[in-house]
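Written out below as structure tokens is the structure these notes cover.
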Amino acid sequence: MRLYFFTPQTRERKLLLAYERVQAVLKSASIETTTSAEGTEGLPDDMIKAAEHRSEPLLEQMDALIIEGSSADPEIGYLLAFAIARKKPTLYLTDRTTSSFNPLRYLPAKSLPKNLMLKTYTKEGLEGIVMTFLRSIDAGAIREVPSIKFTLRI
């Protein structure tokens, strides 16, 4: 599984520690991870060449996304829109102790897509949230439900 982990630029010590915790969980789960801090450095060369050949964004080749939204960043809105449009399983994390702008706060819970999980975390519960998300992807809990209905008449 390939996962993209977006972390906005910040100097807050508690957020940097949270980023490291998430990366440690992903590493222990043997997930191939690319972070926004690495850019394309952590990606295999064949993946980059395949994306260039097909003229598609590298995000298209990712199976899931984790977005840390405790710090404001203009790229978060783009990543959320991309994940919703492409129906990529996405975990949107925010620190419970920070008051950050949530771009999805105006949407009612019923309007949120099934592939998007919004979670607030504390220092103690972060690893559990990430592991629950990874298990839901592996178990296929995040699936698209068909909305096509038809009647067969003979």
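Computed over neighbours whose Cβ is under 14 Å from that of residue 102, the net charge equals 0, Lys and Arg +1, Asp and Glu -1. A cut-off of 5 Å between modelled amide H atoms, ignoring neighbours fewer than 5 places along the same chain, links residue 66 with 4, 5, 6, 91.
All of the numbers you see were taken from the coordinates with simple rules; none came from a lab. Keep in mind the model is a prediction, meaning the values are calculated, not measured. As a convention, Cβ positions derive from the backbone with ideal geometry for all residues, glycine included, and neighbour counts pool all protein chains shown.
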